[in-house]
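Okay, structure first, notes after.
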Amino acid sequence: GNTVAAWKTIADNEHFYGFGERTGLLDKRSERQTNWTVDALDYNTITDEMYQAIPFFMALRPDLCYGIFFHTSHWSQFDLGASQPGVWQMQTHSGELDYYILYGPTPDKVVAAYTELTGRMPLPPKWALGYHQCRWSYDSEDVVRSLAQEFRDRRLPCDVIHLDIDYMRGFRVFTWNPKRFPNPATLLKDLKDDGFKVVTIVDPGVKYEPEADYEIYEQGLEHDYYVRQSNGEIFHGYVWPDRSVFPDFLRPEVRQWWGDSQKALTDAGVAGIWNDMNEPSMNDRPFGDHGDHIWFPMDAPQGPADEKTTHAEAHNLYGLHMSRASAEGLERLRSGERSFVLTRSGFAGVQRYSSVWMGDNQSWWEHLELSLPMLCNMGLSGVAFVGCDIGGFAGNATAELFARWMQVGMLYPLMRAHSALDTEQHEPWVFGEQTERICREYMELRYRLLPYLYTLFWEAATSGTPILRPLLYHYPNDAKTYHLHDQALLGPSLMAAPICRPGVEHRAVYLPEGIWFDWWTGERYVGPTHILAHAPLERMPLYVKAGAIIPMQPVMQYTDERPVDELRLRVWSGMGELTLYEDDGHSFDYREGAWATTTYRVSSEVDRTTIAISAREGNWTPPARTVIVELVGVGEQQFEDDGSDRSLTF
Ligand code: GLC
């Protein structure tokens, strides 16, 4: 039929990473990975098809790394020696074999080349880097107001509140529920004054309502925007609003309409859109009737008139193009302001339009542990802005699990807690005082690290670099990092070794070559070595590399609570360099040159460390501030920042 395949040799010491959204551990050697988007509800470590389908991987062995981008949106599959040891295979149903080989020879070069090809993420608004609180659902204005109040009263930093499906009128997209949310604009204005942004969920299924005056349904019908079957009849499936029809996002006019329809939300002050169920997920019967998952018939025509295809080719692209509609629409509607977009499903290049979360995880220790390799493999697949539901979506977290999850969540590029309908609440204060205190400490650390994090987002936007990285990314010649799934680097300098099991207060930590320092105690280690880290509940083991420069700011309750009047550079002696990126954090002015970069270089000799600061570049001037340069364990010096170059000696 249309199946084509290619086979290549696997080297003895070769390992495989990337593959988009994947459960299990880091390395996929000896596994089979299918690229076909599904609602992966109840996924576990052996689940193959996931919400995202990204037919890309990198092969790594000491001294060599290359990437393969299988350029097909049809069903495809990689077999990394599962059926034939020593041979990897790729196959697709597209009828043509079209793939790119991306030569490294290091993982960073492969990711850079892959994202040059498939695109890079836009710089998000800075508030999107703050803490997000979500639940299915904060289902009325009162509930949302008191939630916001709790955060501020308890001094737990938070920037974003997500509204799940119950804000809508009977799950009709682009509507507000008049009983639960009678005055959304007033609510969102009050929240805004208190430093909160609101993100609303949007599902692709439009309620089928022929007689009922539902404008969105009628508009789509009138303009023929819904997916039809090959016999010409409009396709129906069942989702939250019951019988539903589905826009064909492959057509530009459909994306335009959908993007503009978000006006019903942005007019009320919504600052971001969370795109869900866009694999697309649907049943053959109403939800609750034990129906089966279905999708559009494979021969259903989709796409613009001059480039018509069938669902067989369009399936994996549905979430990507829904996110695209969303992102492009928000840019039109919220003129001058950056927006936040989140999606569950996507394809290669999804990073151009949206951040991604790993769908419906569980409140299990296994899923906490799974989160790091999942997000690291996403980062290696070009998608840097990613997160998992902190605390676990389905089920109930214990206090201990939640505390440990918040520690790990602090490392997620997207830091969002979420929980499902009919579960216990998952806000940081519901587990008692000790958990709340631990959550606060790590949420505050997240906010203190914002200048560092924002710089990492800028690097991701300009060169595709992952924000959260497996150690193999920086130590590709050290085979000990090839299976290290439970340690991760936040940027080049901060390395975390979280606890992912109950009752555990010690763990082995691998420190690759070089000199390392304990973030908390300052203790010095010489790698490569293994150490036993002490990690009582309030402590997530965290390390910095010699020569690290980490820019930090004071704790804020939300990202733009007040101008940053104090920038602290924590520097560890050694040799190192950091270029700090800054801009206003919310507008597009940076595209016209309103940005600033400052390069800091540290170099240590036997008893002397010099920190050289370059003159600030770019056309953005930060607010008046004191810069404190702290040579950790030695002392600090400070000066008023006038952007000029200078050199400090310790
Ligand atoms: C899906 C989403 C989940 C959301 C729920 C209700 O399960 O993955 O995050 O809360 O739908 O909208």
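Data overview
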quantity	calculated
Mean projection area, nm², convex hull over Cα of segment 254-337	7.0
Expected-Rg normalisation [2.2 N^0.38 Å, Cα atoms] applied to the chain	0.95
Proxy reagent accessibility, fewest Cβ within 10 Å first, across E427, E561	E561, E427
For the chain: lysine pairs under 24 Å (alpha-carbon distance), excluding those fewer than 8 apart on one chain	21
Spherically averaged projected area in nm², based on the convex hull that wraps the Cα atoms of segment 4-118	6.8
Tensor-based shape of segment 389-445 (alpha-carbon gyration tensor, a/c under 1.5 rounded, otherwise prolate or oblate)	oblate
For segment 503-580 and segment 103-170, distance of Cα centres in Å	24
Dipole magnitude of segment 126-458, debye to nearest 20 (Cβ charges: Lys/Arg +1, Asp/Glu -1, about Cα centre)	1200
Cut-off 13 Å, label 7 Å out along Cα→Cβ of E253, residues of segment 205-237 by amide N	220-226
Percentage, to the nearest whole number, of Cα pairs in segment 562-650 over 23 Å apart	26
From the C-alpha gyration tensor of segment 126-458, square roots of 5λ in Å	33, 21, 19
Estimated [θ] at 222 nm from DSSP helical runs (n ≥ 4, -39500 (n - 2.57)) normalised by residues in the chain, nearest 500	-6500 deg cm²/dmol
Where N is the number of residues in segment 502-609, Cα Rg divided by 2.2 N^0.38 Å	1.37
Theoretical FRET efficiency, 1/(1+(r/R0)^6), r = Cβ-Cβ of T45 and D645, R0 30 Å, to 0.05	0.05
Whole-number D in µm²/s for segment 312-468 (Stokes-Einstein; Kirkwood sum over Cα pairs; 20 °C, 1.002 mPa s)	129
Under 11 Å from the E366 label point (7 Å along Cα→beta-carbon), backbone N, segment 42-60	43-47
Cβ-based net charge around D159, under 13 Å, with every Lys or Arg adding one and every Asp or Glu removing one	+3
Distance between modelled label sites at T626 and D565, nm, 7 Å Cα→Cβ extension	1.0
Dipole moment magnitude, nearest 20 debye, the chain about Cα centre, only Lys, Arg, Asp, Glu C-beta charged	1160
Length gained when the stretch Q425-Q229 is fully extended (0.36 nm per residue, less Cα-Cα span)	66.4 nm
Shape call, segment 468-544: gyration tensor on alpha carbons, a/c limit 1.5	prolate
Cβ-based net charge around D284, under 13 Å, with every Lys or Arg adding one and every Asp or Glu removing one	-1
Farthest toward positive dipole pole in the chain [+1 Lys/Arg, -1 Asp/Glu at C-beta], among Q362, P413, N283	P413
Residue-span extension gain [E513 to K480] - 0.36 nm each, minus C-alpha spacing	10.8 nm
Cβ charges +1 (Lys, Arg) and -1 (Asp, Glu), total dipole of segment 4-118, debye	220
Positive-end extreme of charge dipole, the chain - chosen from H315, L511, M121 (charges on Cβ)	L511
Burial ranking of peptide ranges 312-319, 543-550 (average Cβ count within 10 Å, highest at the top)	312-319, 543-550
Sorted by Cβ density within 10 Å, fewest first, the residues W88, W364, W36, W520	W520, W364, W36, W88
Radius 10 Å from Cβ of Q362, net charge of other residues (Lys, Arg +1; Asp, Glu -1)	-4
Sequence of D560, D166, D224 once ranked by neighbouring C-beta atoms within 10 Å, starting from the fewest	D224, D560, D166
Equivalent ellipsoid, segment 97-242 (semi-axes from 5 times Cα gyration tensor eigenvalues, Å)	34, 31, 11
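Throughout, read-outs are computed from the coordinates displayed, never taken from laboratory work. The model shown is predicted, which means the values in this text are computed figures rather than measured ones. Note: ideal-geometry Cβ built from the backbone for every residue, glycine included; neighbour counts use all protein chains shown.
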